[in-house]
1. Under 9 Å between Cβ atoms, at least 6 apart or on separate chains: pull out the pairs that start in the stretch 46-59 with a residue that is on the phi < 0 side of the Ramachandran plot and end on any residue that is aromatic (Phe, Trp, Tyr) and loosely packed, with under 13 Cβ neighbours inside 10 Å.
2. Hey, does the stretch 113-133 have a residue that's out of contact with any Ser or Thr (no Cβ under 7 Å at 6 or more places or on another chain), farther than 30 Å from His11 by Cβ and without any contact (Cβ under 8 Å) to a residue 60 or more places away in the chain?
3. Considering every residue within the stretch 65-72, establish whether at least one is free of Cβ contacts under 8 Å to residues at least 24 places away in the same chain and surrounded by fewer than 18 Cβ atoms within 10 Å (Cβ to Cβ).
4. Does the stretch 52-63 include one or more residues that are modelled with pLDDT of 95 or more, within 14 Å of the chain's Cα centre (by Cα), closer than 22 Å to Val124 by Cβ and hydroxyl-bearing (Ser, Thr, Tyr)?
5. For the stretch 91-109, which residues satisfy the criterion of being within 17 Å of Ala57 (Cβ to Cβ) and of a type in the set (Gly, Ala, Ser)?
6. Between a residue in the stretch 3-18 that is closer than 23 Å to Val124 by Cβ and any residue that is part of a helix (DSSP H, G or I), which pairs come within a Cβ distance under 8 Å, given they are 6 or more apart or on different chains?
7. For the stretch 48-94, what are the residues that are of a type in the set (Phe, Trp, Tyr), in a helix (DSSP H, G or I) and under 19 Å from Gly129 (Cα atoms)?
Amino acid sequence: MTKTLDRRLAHYAPTALSLFRVVYGLMFAACGSPALFGWPVHPLHSVAFGAWPGWYAGLIEFVTGLLIAAGLFTRSAAFIASGEMAVAYFWMNQPRALWPIAEPPAGNGGLLAILFCFGFFLLVFTGGGNYSIDALISRPNRPATQ
């Protein structure tokens, strides 16, 4: 039964990977856009243009999120995004408390940083999938049919 299920689901793996990439990329871009544009929600603390590290973190999140969602330079963008989230976790969250699950004071509030870090780390190795700009660019040119 498991082999039958595996065979049936394997057909949908490229679509699921692309859907995962698009959703993760758009959510990451949405995390960066408040720092840059104050949209779609106004940030709790305003971030001045060029302020370290908040504005640059927002820029990285917005740009890499859009690249990942589009599937353009997916592996490189995902590597940068994963690294940013690892740094964010160890700089901002981990010093507060040991457990990432709960918000302070019981936990450190780093659950999203960990999920983004490892989700993007997966995309470093899988790439953007069949339904990405990367895949479209890498396809061999087919001769025109008449």
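1. Pro53/Trp91; Trp55/Phe49; Gly58/Phe37
2. Within the stretch 113-133 (the criterion being out of contact with any Ser or Thr (no Cβ under 7 Å at 6 or more places or on another chain), farther than 30 Å from His11 by Cβ and without any contact (Cβ under 8 Å) to a residue 60 or more places away in the chain), the answer is yes, since at least one residue qualifies.
3. No, the stretch 65-72 has no match at all.
4. No; the residues of the stretch 52-63 include none that is modelled with pLDDT of 95 or more, within 14 Å of the chain's Cα centre (by Cα), closer than 22 Å to Val124 by Cβ and hydroxyl-bearing (Ser, Thr, Tyr).
5. Scanning the stretch 91-109 gives a single hit, Gly109.
6. Leu17/Thr126
7. Phe79
Residues checked against (1) more than 16 Å from Leu66 (Cα to Cα); (2) open to solvent by 70 Å² or more (accessible area, probe 1.4 Å); (3) under 15 Å from the mean Cα position of the chain (by Cα); (4) of a type in the set (A, V, I, L, M, F, W, C):
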| residue | (1), (2), (3), (4) |
| --- | --- |
| Gly83 | yes, no, yes, no |
| Ala86 | yes, no, yes, yes |
| Trp91 | yes, yes, no, yes |
| Trp99 | yes, yes, no, yes |
| Gly107 | yes, no, no, no |
| Leu115 | yes, yes, yes, yes |
| Val124 | no, no, yes, yes |
| Gly129 | no, no, yes, no |
| Asp134 | no, no, no, no |
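The values are calculated or read from the model by the stated rules, or taken from the named source; none is laboratory data. Values in this document were obtained by computation on a predicted structure and should not be read as measured data. Please note: Cβ atoms are built from the backbone with ideal geometry, for glycine as well, and neighbour counts cover all protein chains shown. Protein only, heavy atoms only, side chains kept; ligands, DNA and RNA dropped before computing areas. Shrake-Rupley method; radii C 1.70, N 1.55, O 1.52, S 1.80 Å.
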